[in-house]
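Colleague: Could you have a look at this structure, given as structure tokens, before my questions?
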Amino acid sequence: MAQAHQPLTAAEVSELFPAATPHTNIARYWPYISSALQEEGIGDRAMALLALATIRAESEGFEPIDEHPSTWNTAPGGHPYGLYDERRDLGNLGSGDGEAFRGRGFVQLTGRDNYARYGEQIGVDLLKRPELANDPEVAAHLLARFLKEREGPLRHALASNNLAAARRLVNGGQHGLNRFSDTIRRGQPVTVAGTSSACDTGAIAGLSQQVLDRLETQGALVAIAHPLIQLEGAHNNPWLQPQAAEALIAAVEERGEPLVINSALRTPMQQYLIHQQAQRGECGIQAAAPPPFSNHNSGLAIDIEDSSGWRPYLERHGWQWLGAWDPMHFDYTGGGVDLGGAQVLAFQELWNEHNPEAPLVEDGLWGPATAAAVERSPAAGFPVKA
């Protein structure tokens, strides 16, 4: 199924190009390109960014243009584009073909064979009218068709963060790679790795919720819902395993006072960030288990305020105080299962649904490949599928 998404606006596209790029060109030509990408079924953000990166690498002026005469296509003292005339790899047949079928458009379509092939695919006779490759609508469809033919390998290169490979698939070389890569990076949503310096794992709340939604539907977790229980902050996922939630509510009702929870359930992605921060000595974190080995990852732990006041009530209902070295922490010991691996598996499944060209092994084990995928995942969550 196609991903639901809002097409990029001309204003958003303008932010990906240098200030010298005429915004009037972006406003004029982007609607043609966006429409063509949608018609080809590649209008999602990743492929739209790839199209924009291609345009920027070929022409920062954001308009379909003719290839300029250069040492690559014109011999000293020779006629323009003469070095293309005998290029059989381009399908050119001799004198005049180099100039007639020179690079044009947003993607710089070049050579008799390409003009014939792509012209036929989009229903335009480019052999008779090669100049139409610079017509805005034609140029947009040529770009979209060109990318559509390479969609699978391009998505794999993007998912693997191999922008050099992506550029080769479009250009055949590395021309304009710096501009190409800069455009992709500017337009990508904030990833989990991009939040690593923040001392608030709420920055990845969107991604966390997508994983937790899967466990909720399986009945493994229940929401903490009680008028005397307070959880604050985007980092706080108000979920526990059913037995732990019931025991917590029983303790709260016995004491009859508000309980403030600083941290309840954590996703492995959040645990990964906290573990990394602890290793770097950041954010005041003294110690943190690696994912998914914290009881927080299983919905069997809470960090609270007024731990000394709550300790007798919680302990009577199966909650054990961890100790003076972590005085805010309580673990539920009255039952439950390890959900750490289940959460890792839920993430792996989620990643694979959105990155079929670079899948993870769905084994519920946290390893280097899963960690790398987490770092590249969008902090706000993957696009919703229609």
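Colleague: Among PHE330, GLY364, ASN352, flag the residue with its Cα farthest along the positive direction of the charge dipole of the stretch 300-386, charges on Cβ as +1 for Lys/Arg and -1 for Asp/Glu.
Modeller: Result: PHE330.
Colleague: Contact order normalised by length for the stretch 250-346, with contacts defined as Cα pairs under 8 Å and 6 or more residues apart; what percent is it?
Modeller: Relative contact order, the stretch 250-346: 30 percent.
Colleague: Can you give me the angle between helix 112-122 and the longest principal axis of the chain, using Cα atoms only, in degrees from 0 to 90, rounded to the nearest 10?
Modeller: With both axes taken from Cα atoms, the answer is about 60 degrees.
Colleague: Using 0.36 nm per residue of separation minus the Cα-Cα distance, give me the extension gain between GLU305 and ALA225 in nm, one decimal.
Modeller: That works out to 27.0 nm of additional length.
Colleague: Also: Full extension from ASP66 to GLN286: what is 0.36 nm times the residue separation minus their Cα-Cα distance, to one decimal in nm?
Modeller: Taking ASP66 through GLN286 to full extension adds about 73.1 nm, to one decimal.
Colleague: Between CYS199 and VAL361, what FRET efficiency comes out of the Förster formula 1/(1 + (r/R0)^6) with R0 = 30 Å and r the beta carbon distance, rounded to 0.05?
Modeller: 0.40
Colleague: Can you run phi through the Karplus equation (6.51, -1.76, 1.60; θ = phi - 60°) for the stretch 350-363 and list ³J(HN,Hα) in whole Hz, with x for Gly and Pro?
Modeller: Calculated HN-Hα couplings, in order: 4, 4, 5, 4, 9, 9, x, 7, 9, x, 9, 6, 8, 10 Hz.
Colleague: Can you list residues from other chains, or at least 5 along the same chain, whose modelled amide H is less than 5 Å from the amide H of ASN262?
Modeller: Distant-sequence amide H within range of ASN262: ASP303, ILE304, GLU305.
Colleague: Could you tell me the accessible area of VAL222 in Å² (1.4 Å probe, neighbours in place), rounded to the nearest ten?
Modeller: Roughly 50 Å² of VAL222 is accessible to a 1.4 Å probe.
Colleague: While we're looking at this one, here's another question. For the chain, what's the relative contact order in percent, using C-alpha pairs closer than 8 Å and at least 6 residues apart?
Modeller: Here the relative contact order equals 15 percent.
Colleague: If you don't mind, there's one more thing I want to ask. If I take all pairs of Cα atoms in the stretch 227-386, what percentage of them are more than 24 Å from each other?
Modeller: For the stretch 227-386, the fraction of Cα-Cα distances above 24 Å is 39 percent.
Colleague: Per residue, how much accessible area does the chain show when a 1.4 Å probe rolls over the protein heavy atoms, in square angstrom?
Modeller: Per residue, the chain has 45 Å² of solvent-accessible surface.
Colleague: Now a separate question. What residues qualify as long-range amide H neighbours of TRP239, i.e. H under 5 Å apart, gap of 5 or more or another chain, H built at 1.01 Å from N?
Modeller: ILE224, LEU265
Colleague: Assuming R0 = 30 Å, what is the FRET efficiency of GLU15 and ARG168, from their Cβ-Cβ distance, to the nearest 0.05?
Modeller: Efficiency, rounded to the nearest 0.05: 0.70.
Colleague: Rounded to the nearest 20 Debye, what is the dipole magnitude of the chain about its Cα centre when Lys and Arg each give +1 and Asp and Glu each give -1 at the C-beta?
Modeller: Its charge dipole is roughly 880 debye.
Colleague: Just to confirm the number: angle between the C-alpha axis of helix 136-149 and the first principal axis of the chain, 0 to 90 degrees, nearest 10?
Modeller: That works out to roughly 60 degrees.
Colleague: Next question, about the same structure. For Rg and Dmax of the Cα atoms in Å, one of (i) 19.7, 62; (ii) 27.8, 95; (iii) 20.0, 68 was computed from the structure I shared and the rest are decoys. Which label?
Modeller: Recomputing Rg and Dmax of the Cα atoms in Å here gives the entry labelled (ii).
Colleague: Got the relative contact order for the stretch 212-268 handy, in percent, Cα pairs under 8 Å and 6 or more residues apart?
Modeller: Across the stretch 212-268, relative contact order equals 41 percent.
Colleague: Between the helical axis of 268-280 and the dominant principal axis of the chain, each derived from Cα atoms, what acute angle in degrees is found, rounded to the nearest 10?
Modeller: The two axes meet at around 90 degrees.
Colleague: If each residue of separation counts as 0.36 nm, what is the full-extension length gain between GLU257 and ARG129 once their alpha-carbon separation is subtracted?
Modeller: 38.0 nm
Colleague: When the dipole is taken about the Cα centre of the stretch 32-183, and only Lys, Arg (+1) and Asp, Glu (-1) are charged at their Cβ, what size is it in debye, to the nearest 20?
Modeller: Here the stretch 32-183 has a charge dipole of around 440 debye.
Colleague: Another question about this same structure. Under a Cβ-only charge scheme (Lys and Arg +1, Asp and Glu -1), can you give me the dipole magnitude of the stretch 254-339 about the Cα centre, in debye to the nearest 20?
Modeller: Computed about the Cα centre, the dipole is about 140 debye.
Colleague: For the chain, what is the mean residue ellipticity at 222 nm derived from helices alone (per DSSP H run of n ≥ 4: -39500 (n - 2.57); sum divided by total residues; nearest 500 deg cm²/dmol)?
Modeller: -13000 deg cm²/dmol
Colleague: Something else about it: Return the single residue from GLU362, GLU257, GLU349 with maximal mean-square fluctuation; model: Gaussian network over the chain, springs between Cα atoms under 10 Å.
Modeller: The residue with the greatest mean-square fluctuation here is GLU257.
The values are calculated or read from the model by the stated rules, or taken from the named source; none is laboratory data. None of the values given here were measured: they were computed from a predicted structure. Cβ atoms come from the backbone with ideal geometry, glycine included; neighbour counts cover every protein chain shown. For accessibility, only protein heavy atoms count, side chains too; no ligands or nucleic acids. Shrake-Rupley method; radii C 1.70, N 1.55, O 1.52, S 1.80 Å.
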